[in-house]
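J.: Handing you this structure, nothing more for now.
The values are calculated or read from the model by the stated rules, or taken from the named source; none is laboratory data. The model shown is predicted, which means the values in this text are computed figures rather than measured ones. As a convention, Cβ positions derive from the backbone with ideal geometry for all residues, glycine included, and neighbour counts pool all protein chains shown. Just so you know, the surface numbers come from the protein's heavy atoms only, side chains and all, with ligands and any DNA or RNA stripped out. Shrake-Rupley method; radii C 1.70, N 1.55, O 1.52, S 1.80 Å.
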Amino acid sequence: DAMVIQNPRYQVTQFGKPVTLSCSQTLNHNVMYWYQQKSSQAPKLLFHYYDKDFNNEADTPDNFQSRRPNTSFCFLDIRSPGLGDAAMYLCATSRDRGPLGEQYFGPGTRLTVT
Amino acid sequence: GNSVTQMEGPVTLSEEAFLTINCTYTATGYPSLFWYVQYPGEGLQLLLKATKADDKGSNKGFEATYRKETTSFHLEKGSVQVSDSAVYFCALNENLPGNQFYFGTGTSLTVIP
């Protein structure tokens with residue numbers, strides 16, 4: 001089945017130690033998104049790629065970076081995780097950026113910072 | 001600006017009860033509206049959507065009607081099941097380049113046998 005895959009499902013890192021979260025998709029969608037979701041809150045968009053075009057949200061901290069080496073993969077890099085970065089990180093894709101653009105979500109990676 | 005407001009939870013219902021989760025929105029243009037569901041430990045799944053005023057989205061017994069006059073998109077189900085226990089998110093897509101989604105804060109539903 002075509003899907004959005006996130007690895008690992010659970011990640012523990014130490015305060016200040018760089019960590020990378022991975023997302024892959026078999027949908028061949030043009031757009032990939034990264035969201036941060038803290039407990040009992042709505043997902044918050046961090047950035048998205050339209051093909052190779054990177055789009056950062058204005059309030060996304062510089063500590064968060066992303067790479068998309070090809071259509072199928074997208075990575076979220078947290079350069080120096082703080083305790084406040086502990087959250088669920090959701091990857092999503094959509095075929096295009098236009099209207100009716102339904103987003104397909106992966107299962108998420110829960111990040112713990114110790 | 002754009003925003004989505006959902007009724008606060010948690011909501012607890014007995015099996016076969018009627019469900020309503022209220023959602024209202026503010027948008028500068030003509031958005032599409034969505035309900036997503038998140039089961040424990042999983043990502044968000046699209047439940048239903050409506051792309052223009054008076055459209056009704058429906059799926060798995062859930063329904064929601066896009067009401068432009070009241071800027072609402074309330075989720076309803078006539079008879080809930082234990083398996084419906086999840087967090088429900090209302091969202092809008094402004095239908096502009098960038099496909100920015102605006103999510104509500106989510107409503108947790110627990111259905112007890």
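J.: For the range A:65-114, which positions are open to solvent by less than 50 Å² (accessible area, probe 1.4 Å), of a type in the set (A, V, I, L, M, F, W, C) and either part of a loop (DSSP other than H, G, I, E, B) or in contact with a helix residue (DSSP H, G or I) (Cβ under 8 Å, 6 or more places away or on another chain) (or both)?
T.: Result: A:ILE78, A:ALA86, A:LEU111, A:VAL113.
J.: With the structure loaded, tell me whether B:TYR36 is at the interface with chain A (Cβ under 9 Å from one of its Cβ atoms) and outside any loop (DSSP other than H, G, I, E, B) or whether it fails that test.
T.: Against the criterion (at the interface with chain A (Cβ under 9 Å from one of its Cβ atoms) and outside any loop (DSSP other than H, G, I, E, B)), B:TYR36 qualifies.
J.: Step by step: first the residues of the range B:3-21, then only those that are assigned to a loop (DSSP other than H, G, I, E, B) and out of contact with any helix residue (DSSP H, G or I) (no Cβ under 9 Å at 6 or more places or on another chain), then the one that is most open to solvent (accessible area, probe 1.4 Å). Which residue is that?
T.: B:GLU8
J.: Return the residue satisfying two criteria in turn: it lies in the range B:39-56 and is more than 9 Å from chain A (Cβ to nearest Cβ) and under 20 Å from B:SER83 (Cβ atoms), and of such residues it is most open to solvent (accessible area, probe 1.4 Å).
T.: Selected residue: B:PRO40.
J.: Would you call B:ALA17 at pLDDT 95 or above, closer than 22 Å to B:ALA86 by Cα, within 12 Å of the chain's Cα centre (by Cα) and not basic (Lys, Arg)?
T.: On the way: at pLDDT 95 or above: yes; closer than 22 Å to B:ALA86 by Cα: yes; within 12 Å of the chain's Cα centre (by Cα): no; not basic (Lys, Arg): yes.
Answer is no for this residue.
J.: Counting residues that are open to solvent by less than 30 Å² (accessible area, probe 1.4 Å), modelled with pLDDT of 90 or more and away from chain B (no Cβ under 14 Å), which strands (runs of 3 or more DSSP E) fully inside the range A:8-64 reach at least 1?
T.: Counting at least 1 such residues, we get A:10-13, A:19-25.
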